[in-house]
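Everything on this sheet refers to the single structure shown next.
The values are calculated or read from the model by the stated rules, or taken from the named source; none is laboratory data. Keep in mind that what you see is a predicted model, and the values were worked out from it rather than measured. So basically every Cβ, Gly included, is an ideal-geometry build from the backbone, and we count neighbours across all protein chains shown. The accessibility values were calculated without ligands, DNA or RNA, using every heavy atom of the protein model including side chains. Shrake-Rupley method; radii C 1.70, N 1.55, O 1.52, S 1.80 Å.
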Amino acid sequence: CVELPGKGYTSHYCSLTDEQWEYYERAKEEFATEVLENEDYGYFESSIPIFRLFSRLQAICCGFWNSNGEVSPIDNNRIPLLMDIIDQIRSDEKIVIWSKYRFAITDIINHLTNSHDRHEVCQYHGGLNEKKRHQELQRWRKSGRFLVATQAAGGHGIDLTDAATV
């Protein structure tokens, strides 16, 4: 049995931009209006509306406004913070970056490829077929530095021990 060092955890926080706060308040107001308009119809007997609100608020915090299937970017502080964190990690260390949303993955990948070799950046999400996900994972293991993945696709059944930083 190999003795492994303990896990180290570091928390980083960033505040919402003014634009994010505006969308955050808008989402809450739209939800309140929806509640008032549907209170007589048993609309909130299920938990779906509250989960939809939580998802919208999370997307806003991630820097995106999703309205009727149209995703629009919102100015946010997450990417600059991520890039600052990456700059503090040794350049020979592999990194896994988890994201809940595929549109956030695209944003992260765009920023990483602007500041690092594009061949170092690999992706793993449900928008890729199984063969392509396997190829991306193998490419990351062999020569990639960054694996940008959704938790839904990458959080089950794959071995990511190559990365010391997540």
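State the extension gain, in nm to one decimal, for the chain segment bounded by ARG26 and GLN58, taking 0.36 nm per residue of separation less the distance between their alpha-carbons.
Length gained, ARG26 through GLN58: 10.2 nm.
Using a simple spin-label model with points 7 Å from Cα along the Cα→Cβ vector, what separation in nm is obtained for PHE51 and ARG90?
4.3 nm
Just reorder HIS125, HIS116, HIS12 by solvent-accessible area, largest first, 1.4 Å probe, all chains present.
Highest to lowest solvent-accessible surface, that is HIS12, HIS116, HIS125.
Quick one, what does Rg over Rh come out to for region 114-166 if you take C-alpha atoms and the Kirkwood Rh?
0.94
Could you tell me the calculated FRET efficiency between ALA164 and LEU36, based on Cβ-Cβ distance and R0 = 45 angstrom, to the nearest 0.05?
Efficiency for this residue pair is about 0.35.
Please compute the volume of the convex hull spanned by the alpha-carbon atoms of region 78-126 and report it per residue in Å³.
Once divided by residue count, the hull of region 78-126 is 79 Å³.
Give the longest segment of the chain that steers clear of chymotrypsin sites (Phe, Trp or Tyr not before Pro) in DSSP loops with at most 16 neighbouring Cβ atoms within 10 Å, not counting the sites themselves. Intermediate values should be presented prior to the final figure.
On the way: sites that count: TYR9, TYR13.
Within the chain, the longest run free of exposed chymotrypsin sites (Phe, Trp or Tyr not before Pro) spans 14-166.
Would you kindly state the longest site-free stretch of the chain, with sites defined as GluC sites (Glu not before Pro) in a DSSP loop (not H, G, I, E, B) surrounded by at most 14 other Cβ atoms within 10 Å?
The reported range is 4-92.
Pulled fully out, how much extra length does the chain show between ARG139 and SER11, if you take 0.36 nm times their separation in residues and subtract their Cα-Cα distance?
43.2 nm
Please list the non-local residues whose amide H lies under 5 Å from the amide H of TRP65, H modeled 1.01 Å from N, same-chain partners needing a gap of 5 or more.
SER72, ILE74
If I build a Gaussian network model for the chain, linking alpha-carbon pairs within less than 10 angstrom, which residue out of ILE97, ILE108, ILE50 has the largest mean-square fluctuation?
Among ILE97, ILE108, ILE50, the largest GNM mean-square fluctuation belongs to ILE50.
At a probe size of 1.4 Å, how large is the accessible area of THR113, to the nearest 10 Å²?
50 Å²
With an 8 Å cut-off on Cα pairs and a minimum separation of 6 or more residues, tell me the relative contact order of region 14-166 in percent. Mind showing how you got there, number by number?
Numbers: 168 pairs, mean separation 34.4, N = 153.
Once normalised by length, the contact order is 23 percent.
Would you calculate, for the chain, the mean residue ellipticity at 222 nm contributed by helices, counting each DSSP H stretch of 4 or more residues as -39,500 (n - 2.57) and dividing by all residues, to the nearest 500?
Value at 222 nm, helices only: -14500 deg cm²/dmol.
Given that just one value was derived from the coordinates, which of [x] 31, 21, 15; [y] 23, 21, 18; [z] 34, 19, 16 is semi-axes √(5λ) of the Cα gyration tensor in Å?
Calculated semi-axes √(5λ) of the Cα gyration tensor in Å: the matching label is [z].
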